[in-house]
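The values are calculated or read from the model by the stated rules, or taken from the named source; none is laboratory data. Computed from a predicted structure; not experimentally measured. Here Cβ is always computed from backbone atoms with ideal geometry, including for glycine, and neighbour counts include all displayed protein chains. Side chains included, ligands, DNA and RNA excluded: accessible areas come from the protein's heavy atoms. Shrake-Rupley method; radii C 1.70, N 1.55, O 1.52, S 1.80 Å.
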Amino acid sequence: MERVHIFDTTLRDGEQSPGFSMNRQEKRRLARQLEELGVDIIEAGFPIASPGDLEGVRAVARDVRRCRVAALARAKLVDVEAALRALEPAAQPRLHIFLATSDLHLHYKLRMSRSEALEAIVSMVSYGRARCPEVEFSAEDASRTEADFLCAVMSAAAEAGASILNIPDTTGYSVPEEYGELFRRVRQRLGNADGLTLSAHCHDDLGLAVANSLAAVRAGARQVECTINGIGERAGNASLEEIVVALAVRQASFGVNTNIRLNQIYATSRLLSEITGVAVPPNKAVVGANAFAHEAGIHQDGIIKNPLTYEIIPPEAVGVPGRQLVLGKHSGRNALRARLKELGYELSDVELAECYREVIALADATKKITNHQLLTTLHKVLRRRRAAVPAAQSVAVS
Ligand code: KIV
Ligand code: ZN
């Protein structure tokens, strides 16, 4: 089975979004966990951005031994020199050079012609390749670049020594069929390009970053660039956990694998939240607090009978401590019985019915019932029943 390489850019594209900046020690901590997670490449930063970032990349490059460490540089000599300096201690360095190629960016942002852009790409990629064993080239705003020019750029970068060619959807503008088609087109143009890897890098402005990344994999991308919890510029980057879990759950359909240890996903997501102080939205796929929580009575009943009824991923497979049957106004009797059993109580049907009525009434007012509230309600019901029917009994399980 072919392998898709996971390029994690949490420490670079993720880190450069508001509220997510990390200092050197924080980057080192997260990088160690990313290594544990099994990512293939860690993009540690953009060394020309600040002396602190250069030092951060250097520290990660020093610590990390099992995966490649990448540093980003524009196609400019000062950037490339800074990135090379930061990568000096790396066991497996990767120099990542980028230049925008869409006419919009060339004209308004860079004030460069297409031929000047091509010249800068070829010159910086060959300079970098002479000094670093592995060079990746990214055509920024590739999805809005005229396709023939993009193909010419990719061929030129490959000839100059880039072995990884990244086709970013920088602005999150693309849709899956179109993005996949772009990969097919570039692949066709590169011909029998042994030793070249095409890479996807998607932003989530239309909520399509993961779908676009998966479309690229179907079209031959063998590297995907993504971030933990989907953090990144504006609406974020494609979320690592969603991509790797989709590739695993639907492996029969995609026919590829990754090196990711799925059971490290939750710990990595939590560590990022802890470091940045930014909580994961509760409804976030795979790692959100509600990803394995069930409140509706019909769902809770199904889960109790067989978790496959409503879960396509076992929570423990991604390192989530366990599923939750949330007690709320939509909950069913079976979930209440199961929760009480967990807490050590086995009730008669009549007691359960009474307790259920009280719990639902309370849930209407408070939305979610904590164990403390549940036990208070239970004892109130039991006291009332004992007063009314002295023989009424509940059995403590443990
Ligand atoms: O979104 C983008 O185009 C980038 C490149 C620098 C790879 O982050
Ligand atoms: Zn990006």
Please go through segment 87-129 and pick out each residue that is open to solvent by 60 Å² or more (accessible area, probe 1.4 Å), touching a residue at least 12 places away in the same chain (Cβ under 8 Å) and either under 26 Å from Val60 (Cβ atoms) or among the acidic types (Asp, Glu) (or both). Glu88, Gln92, Asp103, Arg129
Please list, ordered by first then second residue, the pairs with beta carbon atoms under 6 Å, 6 or more apart or interchain, first in segment 229-254 and more than 14 Å from Lys284 (Cα to Cα), second at pLDDT below 95 and open to solvent by less than 30 Å² (accessible area, probe 1.4 Å). Gly232/Ser17; Glu233/Ser17
Checked segment 141-166 for anything surrounded by 21 or more Cβ atoms within 10 Å (Cβ to Cβ) and either touching a Ser or Thr at 6+ places or on another chain (Cβ under 7 Å) or in contact (Cβ under 8 Å) with a residue 60 or more places away in the chain (or both); matches are Asp141, Ala142, Ser143, Thr145, Leu150, Val153, Ala162, Ile164, Leu165, Asn166
Matching entry among Thr268, Thr276 (being away from ligand 2 (no atom under 16 Å from the Cβ) and open to solvent by less than 10 Å² (accessible area, probe 1.4 Å)): Thr268
Helices (runs of 4 or more DSSP H) wholly in segment 3-90 with at least 1 residues that are under 23 Å from the mean Cα position of the chain (by Cα) and under 24 Å from Ala248 (Cα atoms) - which ones? 24-37
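Can you tell me which residue is nearest to ligand 2 (Cβ to nearest atom) among those in segment 4-30 that are of a type in the set (Lys, Arg) and either crowded, with 24+ Cβ neighbours inside 10 Å or closer than 23 Å to Ala246 by Cβ (or both)?
Arg12
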The residue that is nearest to ligand 1 (Cβ to nearest atom), considering only those in segment 98-113 that are under 13 Å from Met154 (Cα atoms) and outside any loop (DSSP other than H, G, I, E, B), is Phe98
With under 26 Å from the mean Cα position of the chain (by Cα) and either under 22 Å from Gly230 (Cα atoms) or open to solvent by less than 30 Å² (accessible area, probe 1.4 Å) (or both) as the only criterion, which of Ala291, Ala252 stands out? Ala291
From Ile303, Ile312, grab the single residue that is open to solvent by 70 Å² or more (accessible area, probe 1.4 Å) and not basic (Lys, Arg). Ile312
Determine if segment 229-241 includes at least one residue that is away from ligand 1 (no atom under 12 Å from the Cβ), under 15 Å from Arg3 (Cα atoms), open to solvent by 10 Å² or more (accessible area, probe 1.4 Å) and within 13 Å of the chain's Cα centre (by Cα). no
Being part of a strand (DSSP E or B) and either in contact with a Cys (Cβ under 7 Å, 6 or more places away or on another chain) or more than 28 Å from Ala285 (Cα to Cα) (or both) is the filter here, so list the residues in segment 310-368 that pass it. Tyr345, Glu346
